[in-house]
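Presented below is the structure to which this report refers.
The values are calculated or read from the model by the stated rules, or taken from the named source; none is laboratory data. None of the values given here were measured: they were computed from a predicted structure. All Cβ positions, even for glycine, are placed from backbone atoms using ideal geometry, and neighbour counts span all protein chains on display.
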Amino acid sequence: MEITQIRYFLEVAESQHMTASAEKLHIAQPALSQAIKRFERELGVPLFEAKGRNIVLNEYGKYLREQLLPVVEKLDSLPEQLRMMAKIRGETVHLNVLAASTLVASAIIEYKSLNQNINFQLLQNTQAEAYDIEISTKQFYHGDSARSSDCFVCTEKIYLAVPANGKYENRSTITLKEVESEGFISLMGSRQFRYICDKFCRYANIVPNIIFESDNPAAVKNMIAANLGIGFWPEFSWGKPNNENVKLLEITDPVCSRELMITCRRNKNDSKNVEAFYEYLKNYFRKIGSCGQ
């Protein structure tokens, strides 16, 4: 059963007139008649019966028409659906956000207000391969020159958030060794930021006393703001504390910072929307931190 045969059959079934159908299909009437007869032979049943000068569908023809119409309608709609898929894919930027999620979310919100037709899909998967832009750290960066056509680096200082009053009131710097007996509020161990902070503690030869942990940065910030413990605070990913009870101290030993890696893959036929957001994201990070190529 070929698609041309199906279209011929449906046209004749609609017009119930062989000559009129042949004219509409731009083929000779004898050729159309022969095509319908071959179609009936292949199926093993007649599909039409004569009625005066016209032909009408018999019970087999009616059943076949009923079954074929939705199939052909779906086939006819496929080109437009594929064009729409390509359009949506071109207008969707796939992000794998493994670091600085709060900062990236703010950038997306601002960008969407200026470019409402652009959509975003966010992943948080260290094993992900299907993305356009990835925000990671140097320790977790897994791009390569074959797949990543560009890479942008930001150095972000990591502070220690402490109560603004009491023994830290007049301090501006601190070492991790000084706070080894304090209770730490931290992100969960599965988060990249937690891994980096644990590494700093090992450098300082301390084991942090984790009294609360969450996979939600907002929850960690709120607990620190409530003066329930101290915690590491990434300089521009989390921004300045919006609570006067929190003070950020520069950690002098060890020096605590991380490199954020923003990588862009040009893996689409049309990557202009990906590249536009990549440039925007780089400028967004430049305004806040110490960034460069």
Any hit, the stretch 76-89, residues being touching a helix residue (DSSP H, G or I) at 6+ places or on another chain (Cβ under 8 Å), touching a residue at least 12 places away in the same chain (Cβ under 8 Å), surrounded by 14 or more Cβ atoms within 10 Å (Cβ to Cβ) and not hydrophobic (A, V, I, L, M, F, W, C): no
Test result for Glu11, part of a helix (DSSP H, G or I) and within 48 Å of the chain's Cα centre (by Cα): yes
Selected residue (only one of Glu11, Glu40 is surrounded by 14 or more Cβ atoms within 10 Å (Cβ to Cβ), farther than 19 Å from Glu59 by Cβ and among the acidic types (Asp, Glu)): Glu11
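Quick check on my filter: what residues within the stretch 230-256 are basic (Lys, Arg) and touching a residue at least 24 places away in the same chain (Cβ under 8 Å)? Spell out the reasoning first.
We begin by selecting, within the stretch 230-256, every residue basic (Lys, Arg); these are 240, 247.
The answer is Lys247, and nothing else.
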Residues satisfying the stated conditions in the stretch 38-70, i.e. in a strand (DSSP E or B) and within 16 Å of Glu11 (Cα to Cα): Phe48, Glu49, Asn54, Ile55, Val56, Leu57
Any hit, the stretch 258-279, residues being of a type in the set (S, T, N, Q), modelled with pLDDT of 90 or more and more than 23 Å from the chain's Cα centre (by Cα): no
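To keep it simple, each residue is scored yes or no on (1) in a loop (DSSP other than H, G, I, E, B); (2) touching a Ser or Thr at 6+ places or on another chain (Cβ under 8 Å).
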position	(1), (2)
Tyr195	no, no
Ile206	yes, no
Phe212	no, yes
Ala219	no, no
Asn227	yes, no
Ser237	yes, yes
Asn242	yes, no
Leu248	no, no
Met261	no, yes
